[in-house]
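Contents: one structure, followed by commentary.
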Amino acid sequence: MCRRLSLDVEKFQECTRLAVCQSLLFLPGRCSWISLPVMALAPPSPQFVLRGSQSAVNTLHFSCRSKAHSPPLLFSGSLGGLIHVWNLETRRVDTTLDGHAGQSVYWVKTLEGQHLLLSQGRDLKLCLWDLAEGRNAPVDSLSLDSVGFCKGSVLTEGTQGCWLLAVPGKDMDEVQVLDMPSKTSVCTLKPEAGAKVGMPMCLELWKPASSSGPLLLAGYEDGSVILWDVSERSVLSRLACHEEPVMSLDFDSGRARGVSGSSEKVLCVWSLDEQQNLKVCRTQELTNPGIADVAIRPDGKILATAGWDHRIRLFGWKQLKPLAVLDYHSAAVHCVAFSDPGRPGEQLLAGGSKDQRISVWSVYNQT
Amino acid sequence: MAVFDSPQEAFGILRPVCIQLTKTQTVENVERLQSKLHVVSDSALQDLQEYVLFPLRFALKTPGTKRESLVQSIVECITFVLSTTCIKKQDLLQELFSELCLCLSSPNSQQSAPVSEELKLAVVQGLHTLMHSAYGDIILSLYQPCTLPHLGFAISLLLTLAEQEKSKQIKTSALKCLQVLLLQCDCQDHPKLLDDIETKQLGDLLASFLPGISTALTRIITGDFKQGHVIIISALKVFYKTVGFIMADEQLARIPKDKEKPSVEHRIAELMVHRDANWVKNTGDKLAALIEKIVEFVSVHPHWKARMELIELVQDLLMKCRQSLLKSVGHLLKVLVGLVNDENPDVQCRCNNVLKNFADQRIVVESRALTDILSENLHSLATALPRLMSSQDDQGKYSTLLLLLGYLKLLGPKVNFVLHSVAHLHRLSKALIQVLELDVTDVKIVEERRWGPDGLAESSSSLSEPPLFKSKSQRKYFRFFTDERIFLLLREICRMLGYYGDLYLLVDHFTELYNESVIYRKQAAMILNELIAGAAGIEVEVLHETNSRASAEELKEIITSILEEYISQKNWYLVTSNEAEGNREELTMKHSDLQTITSGVHTCHLVPLPSSSELSPIVCSMNSNIWQICIQLEGIGCFAHALGIEFRLLLMSALYPVLEKAGDKTLLISQVATGTMVDICHACAYDSPRDLINHNADYLVNEISLNLHQMSLSSHTPIVLEIMFQNSDAGLLPLVEDVIQDVLFSLDQFHDERAASFLSVLRTVLAALARWFPEAKDDKQLQEQNFRKEKYDLHQGSATLGKGFAFTTPAEEIEQFLLDYLRNKDVADGNVSDADNEEEQPLPPETEMNDVCPDVEASLPVQTQIAKDVMERCIHLLSDKDLKTRLKVLDVLELCVTVLQSHENQLLPMVHRAWLPLVHRLTNDDPLAVLRAFKVLCTLGNKCGDFLRNRFCKDILPKLAVSLATQAPVSARAGPVYSHTLAFKLQLAVLQGLGSLCKKLDLGGGDLNKVADACLIYLSAKQPMKLQEAARSVFLHLMKVDPDTTWFILNELHCPLLYEPPHPSLHPVSLSGMAKPRTEYTDNVLLLLAELQG
């Protein structure tokens, strides 16, 4: 399993997707699997769809909260190696950034408003872009050693312009934490020799209000989630919650609860107690296996998942109550993202798919 | 005549006549005096003034009755003296004044004496001159409390003259004189202006006469129409000068509270008035009644100069006395408001200036009282408006609305005071809504349909035509008026409201009305459109600049919300025709729209129209719905203009609905929608609708795709998709790729109900693809052509060989021919020499390379993939049970083949699969389908060439030959009508296509013979000309494929020449056509043979 994944996860996903398609055949049509409390009348449709990325969309990132007069933006990284900057007002591409030599871009993230952009690509490079005043060239880049698909994670420190970056490290099961922009390594987090967790699959850096040091949540290839104390370089807790690799996780630090999805059918919600122990508090069975991405809305009310079965699913985050199935895409959904909380009623959800489209939804905004 | 300058000389001359006059008072003596006076210089006369006046005055004062002529000449003489001199003594002035006045009075009655008109005129002119000859302050001595009775007498005298005399001259002079008497003369001879105190004293004094003067003048003004405008003008002038002087706010402000102690005797003091607040109020009230009368009368006076003077009156009074005449301000303003659009341009202009002047001085805006009055007027007008609108004729309505417009203009930003009162707003909006009710009984609008493909591109490719919002292309018909001017006026009123009014409030209110009932909806939408235009300041003539207007951001917000309302499901998709388009979705849609219909019916019942009692209510409501949509479309155009380039952002929601309507079947709607697009182009700086669509294809695609996902709503989606494809270029393709997949998916799911509309979409898509990617076609064709040409040359070569055979040196050629033949035979048998192989070697690698590329599926260009997918569906749908569908499928199929032609590896397998159903279409189907299928076959032959040869020969050729043969006798016998039948068309098509088909398919011997056999019959002269031509074309093609055989076949039929063998050892040539007499085939055969030889 490890070998195969590290060889080519894309191929692997493709295989799984085929299986998913077969399982689709046994579904009773293309209808939703639960009754929708709000939109029971008609299946919801996206507010709009962004076309023109011209290859599969791997990752999405909203940037709406910024100074006045600059429109809300959506960044998308595509399989073709381009980063598109979508203007959500005109619903068109403002800028296209090409900095990964045609290699798939699988993580984008803005820092300090809309101007600094981080992007991570399959060319084993992490680029830092300065987009102020219409610039469109990378100002800095960092070579990565891992060939996996693990997205990085960023934690902005208090001091101006300094931030922590977690990326998969040189060894297969390693996570490297760097101090940016100086690029000095803070530490390398490597599980004990016998742990056999495999590669890290997803990372989430965060800093609890109580504790002093930053913590890191990492999902691994063997299906376990490990909580690291970055400053102590020690494992605080390990939770084996999936049978298959953890594809994505998101953490709600307010409620000290997180969620992870894997290539299997189960969505797992776990919580963190005072003793910094992770424990499963709920699992949710899905119709079809394969969750590419999970995202909790910044207001902590909604959870969205991106499914290999072409669908985006919405859950109430508190009770994990299924709310809706957003059925629009015609290929696997690779990523979901929520916009920063703007005015109430204007929180958007975006899903990027292999079918090269990005669907933008305005759902459950009344609450 | 000599002039006597020195007083001495003058005295010498005047003395005798004066003495004479003193002695005997006759007209002659007066005249003598006057004639002498003429020769005396002014300065001399000034010195002798009193001396000369004495005999004259003496004559007047002499007791006893005098002849009128004498009095008259005396008065004239005095007037002459006064006109050249000035009076420097108060006494003299007063005495002369009273003496002159007395001339016209009978001593014992109040009435003026019954004297001749000449005398009256002379006296009046005398008084006039007297007033002007008073020197400096002397004149003021006339205006002392003690002289009040005299003054009063003179004034009443003059008023009586002005009122009661018949002669116009007297009347005008009397009025002029009165004006002078009231010290309001407007001539240049009064250099000295009164100071404040004097003014006040004079005002106090004259105030006593105000009631008398004003009532008398009012009587004069409102008297007979026939008295002429000159008198009215003078009277008006005196009126406003007097009132404006006595009631001037400036003066009144300085009046002390308490009455001063009168310094004159009691009797006179009683006459004096004190202009305290109480007096001002009472007088103001009374004057208001008079002014109202005057205003009412003069504002409709037929002569424009009278109306002009009225404006002066209003201007003067409003400037000077708006506080004291508070009660009249309403009436006065009404004049301005009403005359602002007077038919006379001078009046209009003057009125506008006055209004502007007021506006500039911010008189209305800053005076709360005035605003109140105006709003009160506006309110009462709004209240009366509905009644007036239904009772007045068009002219009446016009002036009423003019008034309304004037009030709005005058109120300016203060109009919000009125609008903020719920009652006022309701009145106003109800009135507007009522007036704007449309007449929806015209059946034509419902019936006029748009036929044929979309003419969007050509109809509006040039933007030279003026934008729609300027010249409303379609005239609207209203229930309550027919005059177009009224509509324009109403528009201006709405714009004015939008310009000054609180836009949020108004838009809210009218949106509410819009949603309240179908009855109001159209009018409310019309008003909303104009409000926005007004708010954006489009074509608004304003008096006040306002800074409270909505900002661009607010405007955008408001427009967005109205737009949302307009294009919402329930307001945009209305039933406009009762054509059932035959698919289920439409029906269900109809069902959901039933409510609209029923409510429409409701409208018709609510306002029963006498003329339309027999019209079905359905037609009514459909007409109403059509207008509704048109008005909303116009609105969108209007919004675009209001926002300008900013509207581009709204295109993401607005463009799709507009395009939908541009493709609507109802003519009017599609026209208006096209106009709206032109509007949008103008506003958003696009060159043409095509440009507009092209630049915003992404927004359209988004809407289309979302709609395709919700099938129930998308009955219009195919239309939009079609229009979009017609107007875009290849750059669109990446965007629509997934939409086309959606279409195919929908087609798969709903092919029963929606196949027709989707097939037309697919046809558009493929036509566009064929247009966008022609280069591949060119390459291939070029190649093909070259190839054919080579082959043709080869044949030509052999043909010339054959021909040359008989005439030129035969031996070597025969030898060469035999050698060639042997070698070809060797090649055919497979005995290929190495040398031959070498020649062909460069070719294989090339073909290999070509072969390798298409094998990689992923590298297929998008257009090819699409064409392939579409062709797949066509294969299934070729055997659809609906003929129309089959026909459409055949069209699409043909286009698919065109697009796929450069990808043989994709094309041929598809053709293989399509073959069988196609054969069915060709062999046993409706003639229409056969015809179309044959066209497809020709295209296929063109693109696939020999791939089809065997199939064609096996499956189709026999049947074609048979049908041609069986049909031939029919056409040979048929009359001229036959050429309109389907059978003829089929024959023609087959004959026209068959030739090139044979060439493309490269048919061989036996099959060619079959073709030739089948076509031979059509060379008969009995066949219709067109068929003969077509048959000849078949043979022309056959000649190119195989000239020898063709030559032989033709000669078999008819041989014009005898062929002598060149050598006796050869058999004589015998052809069955030899030496035959002329037959029905002869002409055509000869033509063809000539072609073959030439």
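The values are calculated or read from the model by the stated rules, or taken from the named source; none is laboratory data. Just so it is clear, the model here is predicted, and its values are computed rather than measured. Methodologically, a virtual Cβ is constructed for each residue, glycine included, from the backbone with ideal geometry; neighbour enumeration extends over all protein chains shown. These accessible areas exclude ligands, DNA and RNA; they are computed on the full protein's heavy atoms, side chains included. Shrake-Rupley method; radii C 1.70, N 1.55, O 1.52, S 1.80 Å.
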With every protein chain present, what accessible area does B:V977 have (1.4 Å probe, heavy atoms only), rounded to the nearest 10 Å²?
110
Cα centre as origin, Lys/Arg/Asp/Glu Cβ charges: region B:200-329 dipole, Debye:
60
Leaving out ligands, DNA and RNA, and with a 1.4 Å probe, what % of the accessible surface on region A:146-256 is carbon or sulfur?
47
Asked for the total accessible area buried by B and A (1.4 Å probe, Å², nearest 100), one would answer 1400
Looking at region B:617-656, residues buried by 20 Å² or more relative to their chain on its own, accessible surface at probe 1.4 Å, turn out to be B:L649, B:M652
Positive-pole candidate from B:H1063, B:N1084, B:L997, dipole of region B:903-1093, charges at beta carbon:
B:L997
Per residue, how much accessible area does region A:146-256 show when a 1.4 Å probe rolls over the protein heavy atoms, in square angstrom?
41
Would you please give the residues with an amide H less than 5 Å from that of A:V186, counting only those at least 5 places away or on a separate chain, with H modeled from the backbone geometry?
A:V177, A:L178, A:D179
Are there any GluC sites (Glu not before Pro) in region B:289-378 that are in a DSSP loop and have at most 16 other Cβ atoms within 10 Å? List them by number.
B:E343
Residue-by-residue Karplus 3J(HN,Hα) for region B:325-342, coefficients 6.51, -1.76, 1.60, Hz, glycine and proline x
9, 3, 5, 8, 3, x, 5, 5, 5, 4, 4, 4, 4, x, 8, 5, 10, 4
Could you compute how much accessible surface A:K183 exposes when probed at 1.4 Å, giving the result in Å² to the nearest 10?
80
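Across peptide B:733-739, what mean number of C-beta atoms from other chains lies inside 10 Å of a residue's C-beta? Working shown, then result.
Numbers: counts 0, 5, 3, 1, 4, 8, 2.
Across the residues of B:733-739, the mean count of other-chain Cβ atoms within 10 Å is 3.
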From the Cα gyration tensor of region B:200-329, with a ≥ b ≥ c the square roots of its eigenvalues, which class applies: rounded if a/c is under 1.5, or else prolate if a/b is larger than b/c, or else oblate?
prolate
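Checking the a/c ratio against 1.5 first, then a/b against b/c, what shape does the Cα gyration tensor give for region B:683-749? Walk me through the numbers on the way to the answer.
Working: a/c = 2.51, a/b = 1.83, b/c = 1.38.
Judged from the Cα gyration tensor, region B:683-749 comes out prolate (a/c at least 1.5, a/b above b/c).
Given contacts defined as C-alpha pairs under 8 Å and at least six residues apart, what's the relative contact order of region B:903-1093, whole-number percent?
Values: 202 pairs, mean separation 36.3, N = 191.
Over region B:903-1093, the number comes to 19 percent.
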Rh by Kirkwood over Cα pairs, then Stokes-Einstein D for region A:146-256 at 1.002 mPa s and 20 °C, µm²/s:
153
How large, in percent, is the carbon and sulfur part of the accessible surface of region B:284-389 at a probe radius of 1.4 Å?
50
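Out of region A:51-105, which trypsin sites (Lys or Arg not before Pro) are coil in DSSP terms and have no more than 15 other C-beta atoms within 10 Å? List each step's numbers first, then the result.
Numbers: sites: A:R51, A:R65, A:K67, A:R91, A:R92; in loops: A:R51, A:R65, A:K67, A:R91.
Hits after loop and neighbour filter: A:R65, A:K67.
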From the Cα gyration tensor of region B:903-1093, with a ≥ b ≥ c the square roots of its eigenvalues, which class applies: rounded if a/c is under 1.5, or else prolate if a/b is larger than b/c, or else oblate?
oblate
Lys/Arg +1, Asp/Glu -1 at C-beta; region B:903-1093 dipole; positive extreme among B:M1025, B:P917, B:A974:
B:P917
Residues of region A:77-99 buried by at least 10 Å² on assembly (accessible area, 1.4 Å probe, chain alone as reference)
A:E89, A:T90, A:R91, A:R92
Express the relative contact order of region A:260-367 as a whole percentage, based on alpha carbon pairs under 8 Å and six or more residues apart in sequence.
17
Carbon/sulfur accessible area of region B:903-1093, % of total, 1.4 Å probe, equals 60
Using protein chains only (no ligands, no nucleic acids) and a 1.4 Å probe, work out which residues of region A:347-367 have their accessible area cut by at least 20 Å² relative to the chain alone.
A:R357
Sort A:303-310, B:281-288 by the packing proxy (mean of other Cβ within 10 Å over each peptide's residues), most packed first.
A:303-310, B:281-288
